[in-house]
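Laboratory data are not the source of any read-out in this text; all were calculated from the coordinates shown. In this text, all values refer to a predicted model and were calculated from it rather than measured experimentally. When we count neighbours, we look across all protein chains shown, and the Cβ atoms used for this are built from the backbone with ideal geometry, even at glycine.
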Amino acid sequence: MSPHGRQKRCRDRLSLGTLEALTRREVPLTCVLVPRERRAGEHRVAATPETVKRLIARGCALIVESGAGLAAGFADGDYRDAGATLLDPRAADAQARWRDADVILSVQGASLAEAEPGLNQLRPGALLIGLLEPHANTALLEALQRQRLSALALELLPRISRAQTMDVLSSQANVAGYKAVLLAAAALDRYVPMLMTAAGTIQPARALILGAGVAGLQALATARRLGAVVVVSDVRPAAKEQVESLGGRFLEPPQLEQNPTEQGGYAQQASEAFLAAQRQQLAEQLAQSDMVICTAQVPGRPAPRLIDDAMLAGMRPGAVVVDLAVAQGGNCEGTRPGETVLRHGVQLIGAEALPSSVAHHASALYARNLAALLEHLLGAGTDGSPLALDLEDPIVSGCLFSHAADAAAPAAGATTGASPERQPVGGAA
Ligand code: NAD
């Protein structure tokens, strides 16, 4: 079916409210499908009623699988009121509706490779947007190429100023940093704030935060709001000012001949000699800390190991370590993804999927990031211009994971190697 025929069928199926919202413009619609998340434990959703309205105003038709927002506190009725058409995944025409989609907005997009309905139902040239685990997901890439689908992996979105509104890594790391402190405070055997009571004074808890990126700075702000005294370690000199402006004490990195360099705002991998000196410096801090929030990471590398077993043995029994870097190997020896382990009397919390545990606001921010990206792809006009992938646009080329016009697109953020061109999503393959 031609893109025009498909868009007409998509328009024919829209609710009356959606059609009214489109103000009867005779323009081709971009059909956007929002599936229910398939991965167990994932409570977020890729569009909210707010972003549904926003995208409809830009000339999109929104189809939302029923129940998609429930775990994040968004009811089917809210999506319907916002102008979306609800889709029952068990309905007889569900597969046909998947075939109508030009764009699929997802959180854990990779899980759609095995789902039914899922990627198999999409037509060639459709565009999948979501967290696609691009550094390790060859199975997904194969599925995308088999189906001749385009895909944008949000993990690879360039961290440039004009893409800030689309930056899901930042919005979700912010949620994770906040929740990590709450987890630590709840697990701690003591108060966090300083208290003066009739029974005497309680001293404030002491927090150590490793890494002052997005998650670390939010952890610092949250711990300060709870009343903790906070020390922060980072290897980037620029972090000092940010830490101090939030009321934390910055721990200067050890000065060696070869300190880790910085590129594009990110720390580069540190040498083993530097990490050994850093561990020595941190051991003294750890012995005084009640809670430790580990967020130190180096993009594309295993997380730096900053706490070893001997350092844990030097900590106070009852202290808590929350390791947000656990999926990348962890900053702390002994943390395990999704588990809490007791070692030398210290609770080690391997914090996984924290944004999903704050599903409502994590979804609200994630959905706004995706709406901003989609609006960017739709172009600057408000006339419902058809969606296009401009391969010369650094935002697109930066996170292009698969391109339907070039089934041999490589993974991990490399560009497709295709000659730059403006490629309509509906007309590829
Ligand atoms: P990240 O998750 O890759 O790393 C977290 C932090 O760990 C970083 O601050 C890093 O310096 C630190 N780290 C690495 N090795 C360490 C070690 N051995 N000891 C202590 N700390 C260590 O980083 P992120 O949170 O994604 O952000 C990193 C940078 O990118 C920050 O400067 C942030 O302000 C910047 N940023 C820019 C934009 C933008 O311009 N659009 C958006 C988001 C973030």
Please state, as a whole number in µm²/s, the translational diffusion coefficient that the Stokes-Einstein equation yields for the range 267-312 at 37 °C and 0.692 mPa s, with Rh defined as the Kirkwood radius across alpha carbon pairs. 286 µm²/s
Note, ³J(HN,Hα) from phi for the range 292-304, Karplus 6.51, -1.76, 1.60, rounded to Hz, x at Gly and Pro: 10, 10, 9, 10, 6, 9, 10, x, x, 10, x, 4, x
Given all pairs of distinct Cα atoms, the range 48-196 yields a Kirkwood Rh in Å of 17.8 Å
By what distance, in whole Å, do the Cα atoms of the range 126-278 stretch along each of the three principal axes, largest value first? 70, 42, 29
Can you give the longest stretch of the chain with no exposed loop site, where a site means trypsin sites (Lys or Arg not before Pro) in a DSSP loop (not H, G, I, E or B) with at most 12 other C-beta atoms within 10 Å? 91-429
Using amide H atoms built in the peptide plane, which far-off residues or other-chain residues are under 5 Å from Val64 H to H? Val34, Thr85, Leu86, Leu87
May I ask you to compute the full-extension gain from Asn120 to Ala96, defined as 0.36 nm times their residue separation minus their alpha-carbon distance, rounded to one decimal in nm? 7.5 nm
Positive-end extreme of charge dipole, the chain - chosen from Thr85, Leu122, Ser171 (charges on Cβ): Thr85
Measure nothing but the geometry: give the 0 to 90° angle between the long axis through the Cα atoms of 272-288 and the longest principal axis through the Cα atoms of the chain, rounded to 10°. 70 degrees
Using only the Cα atoms of the range 61-112, each taken as one equal point scatterer with no solvent, compute I(q) by the Debye sum, divide by I(0), and report log10 of the ratio at q = 0.14, 0.28 Å⁻¹. -0.37, -1.30
In the range 184-257, what is the volume of the convex hull around the alpha carbon atoms, normalised per residue and reported in Å³? 99 Å³
At 10 °C and 1.306 mPa s, the Stokes-Einstein diffusion coefficient in µm²/s for the chain, with hydrodynamic radius from the Kirkwood sum on alpha carbon pairs, is 69 µm²/s
Once amide H atoms are placed 1.01 Å from N in the peptide plane, what residues at a sequence separation of 5 or more from Gln297, or on another chain, have their amide H within under 5 Å of its amide H? none
Could you tell me how far the Cα centroid of the range 360-377 sits from the Cα centroid of the range 261-290, in Å? 34 Å
Taking the Cβ of Gln263 as the centre, find all other residues whose Cβ is under 14 Å away and add up their charges (Lys, Arg: +1; Asp, Glu: -1). +2
Looking only at GluC sites (Glu not before Pro) in DSSP loops with at most 15 other Cβ atoms within 10 Å, what is the longest site-free stretch of the chain? 115-256
Cα-based equivalent ellipsoid of the range 231-330: semi-axis lengths in Å, sorted from largest, via gyration tensor: 21, 16, 14
With the Cα gyration tensor of the range 223-285 in hand, give its eigenvalues times 5 under a square root as the equivalent ellipsoid semi-axes, listed largest first in whole angstrom. 23, 15, 8
Quick one: net charge around Ala238, please, counting Lys, Arg +1 and Asp, Glu -1 for every other residue with C-beta under 15 Å from its C-beta. -2
Just to compare against my own numbers: the Cα pair-distance distribution for the range 288-355, 10 Å bins, whole % per bin, please. 24, 57, 18, 1
Hey, what do the phi angles of the range 192-206 turn into as Karplus ³J(HN,Hα) couplings, whole Hz, using 6.51/-1.76/1.60 and θ = phi - 60°, x for Gly and Pro? 8, x, 6, 10, 10, 10, 4, 8, x, 9, 9, 7, x, 5, 10
Could you work out the per residue convex hull volume over the alpha carbons of the range 34-128, in cubic angstrom? 88 Å³
